1. Mind pulling up the Rg/Rh value for the stretch 258-381? Radius of gyration and Kirkwood radius, both on Cα.
2. Pairs on different chains or at least eight residues apart, Cα atoms closer than 25 Å: how many lysine pairs in the chain fit?
3. Using the Cα gyration tensor of the stretch 12-73, with a ≥ b ≥ c the square roots of its eigenvalues, what is the shape: rounded (a/c below 1.5), prolate (a/b larger than b/c) or oblate (neither)?
4. Relative contact order for the chain using alpha-carbon pairs under 8 Å, separation at least 6, rounded to a whole percent?
5. First check a/c for the stretch 90-142, with a ≥ b ≥ c the square roots of the eigenvalues of its C-alpha gyration tensor; if it is under 1.5, answer rounded, and if not, answer prolate when a/b is larger than b/c or oblate otherwise.
6. Along Cα→Cβ, 7 Å out, is where each label goes; now give me the distance between the ones at THR253 and LYS69 in nm to one decimal.
7. For the chain, state the average projected area of the convex hull of the C-alpha atoms over all orientations, rounded to one decimal in nm².
8. Which of the three applies to the stretch 181-313, rounded, prolate or oblate, going by the alpha-carbon gyration tensor with a ≥ b ≥ c and a/c under 1.5 meaning rounded?
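Read the figures in this text as sums done on the coordinates, not as results from a lab. All figures in this text were calculated on a predicted structure; none of them were measured in a lab. Backbone-built Cβ (ideal geometry, glycine too); neighbour counts: all protein chains shown.
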Amino acid sequence: MTIPQLLDQRPVALLFSGGDSPGMNAFLRAAVRLGMNRNEVPVLGIMDGYVGLVRTVKQLEAGETSLEKLRRSIARRPGLLGLRVKKQHIVLMDHESVSGIVVKGGIELRTARSQEFRNPERRRQVIQLLRDLNVRAVIVCGGDGSLAGAEIMQRESGLQVIGVPGTIDNDLPITDYSLGVQSAIETLVRAVDSIKDTARSHRRVMVLETMGRDSGELTQLAAIASGAEYALIPEDGYLTSDRIRAMAEEMETSFKRGRTHSIVLVAEGVKMDKQTWESPAWVVSAKLAEAFRHGPYKDIETRASVLGHLQRGGRPAPFDSILAAEFAEVAWHAIAAGKDSGITVLQNGEYKLVPIGSPPASDRPARLQRLHLQHQALSSW
Ligand code: F6P
């Protein structure tokens with residue numbers, strides 16, 4: 001593509017920000033393909049999220065490149081070639097560069113968390129850069145922080161900005177599911193399944209720490225899907241020593257009935273009654289062990305594992321790839337119409353664009369509470 005062609009067609013800029021999640025590559029592919037095949041609009045992939053834009057602004061500022069040179073290198077080094085050039089942070093995506101990535105975890109354009117984008121002067125420069133590249137709309141895929149950045153950019157620039165929820169935390173109440181949640185649940189189900197073997201073989205209580213930041217959604221859903229008996233989530237309030245002792249007593253009652261082991265999922269965001277730097281899984285495991293030492297089942301051992309970034313990686317679940325295609329479709333629909341900014345969401349089975357800052361379609365705390373009660377009923381015997 002020549003420079004005038006690229007600029008005349010007014011490209012769409014696409015970036016990923018915050019934590020990666022499975023399904024982001026599927027979204028990248030869908031956004032590029034729908035742009036090229038259906039809308040005849042090129043997509044500029046931004047490397048490393050907002051950081052890539054800030055780096056480009058700095059290159060211009062330092063005189064390492066000029067706007068003209070930048071435009072030329074974008075047009076001359078598209079796709080895989082552009083993705084390989086270290087100092088090029090803006091790449092004209094083509095078919096080859098998104099081929100085969102639908103089932104790949106991670107994100108080919110990479111992602112990052114940018115502190116500098118919080119600086120209003122940097123944002124002004126970034127917005128100017130996007131204008132200089134004749135960008136018609138910006139798509140930002142990420143979690144709550146990234147979408148907050150998108151909202152600010154929309155307000156300050158007047159550009160059309162489309163936010164796409166991508167986070168394993170499922171902590172964006174505006175959408176029933178974000179990209180990556182189902183994949184992370186699948187990963188957790190596999191992890192629980194493997195760890196259950198050891199739990200059963202050794203008569204152990206295994207305490208597994210799950211991600212989710214301040215939200216317990218991922219943990220609660222994974223507990224239902226995996227059969228883990230306990231889900232300790234931040235929404236239930238402080239995890240006091242008394243609560244852990246009560247849990248140990250409940251387990252002892254179930255051991256009396258013939259149960260031999262137990263799996264506890266504890267969300268990383270739970271708050272302990274006493275401040276500690278230790279991770280919640282270790283604290284819960286140690287306190288359960290202590291309680292067992294004083295009870296009738298002194299032989300029951302406990303172990304803790306922090307599952308960590310395992311949950312963010314891997315091949316996306318088919319649901320996430322489908323969600324990615326649907327979100328891309330909604331985004332392009334809005335871009336083709338050419339006016340509304342907003343967030344692509346799934347609400348009660350419907351994929352749509354809602355204005356940034358819209359209230360959730362359902363009462364999420366009530367949903368979580370219902371899931372919590374359901375899980376308790378499913379796992380007690
Ligand atoms: O937001 C996704 C998430 O994986 C959270 O669940 C977790 O708290 C955080 O990101 C971890 O971030 P990092 O990869 O920067 O350590």
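1. On the way: Rg = 21.6 Å, Rh = 19.2 Å.
That ratio is 1.12, to two decimals.
2. 16
3. Working: a/c = 4.22, a/b = 1.47, b/c = 2.88.
Judged from the Cα gyration tensor, the stretch 12-73 comes out oblate (a/c at least 1.5, b/c at or above a/b).
4. Details: 759 pairs, mean separation 79.0, N = 381.
It comes to 21 percent, rounded to a whole number.
5. On the way: a/c = 3.29, a/b = 1.61, b/c = 2.04.
Oblate is the answer for the stretch 90-142, as a/c is 1.5 or above yet b/c matches or exceeds a/b.
6. About 7.3 nm separates the two model spin labels.
7. Numbers: hull surface 78.6 nm².
Its Cα hull, projected and averaged over all orientations, spans 19.6 nm².
8. On the way: a/c = 1.89, a/b = 1.24, b/c = 1.52.
It comes out oblate by the Cα gyration axes.
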